[in-house]
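Beneath this line is the structure, given in structure tokens, with notes to follow.
Every read-out reported here was derived from the displayed coordinates using simple, explicitly stated rules and does not represent laboratory data. Values in this document were obtained by computation on a predicted structure and should not be read as measured data. Glycine gets a Cβ as well: all are built from the backbone with ideal geometry, and neighbour counts include every protein chain shown.
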């Protein structure tokens, strides 16, 4: 069975970034704005997914911009 997970990060109300993860039978792929950033086991993909979301949030914070994660 295939599963899908997505987080949308909006920075300063203008810039929107989508982090997506597809997984099936312990294999997963993580995309950052439709660019493949990871392809491998699901357990590692979950870590990569969370780190991609954190990376965008940290960049916004470093620039002093507000962000919303949905």
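Taking every alpha-carbon pair within the chain, the share separated by more than 17 Å comes to 40 percent. A full extension of the chain between residue 15 and residue 2 corresponds to an added length of 1.8 nm, given 0.36 nm per residue minus the alpha carbon distance. The angle separating the long axis of helix 42-62 from the principal Cα axis of greatest extent in the chain is about 10 degrees. Packing here is the average count of other Cβ atoms within 10 Å per residue, and on that basis the peptides 60-66, 17-23, highest first, run 17-23, 60-66. Per residue, the chain reaches -10500 deg cm²/dmol at 222 nm when only DSSP H runs of four or more residues are counted, each adding -39500 (n - 2.57).
A full extension of the chain between residue 37 and residue 50 corresponds to an added length of 3.5 nm, given 0.36 nm per residue minus the alpha carbon distance.
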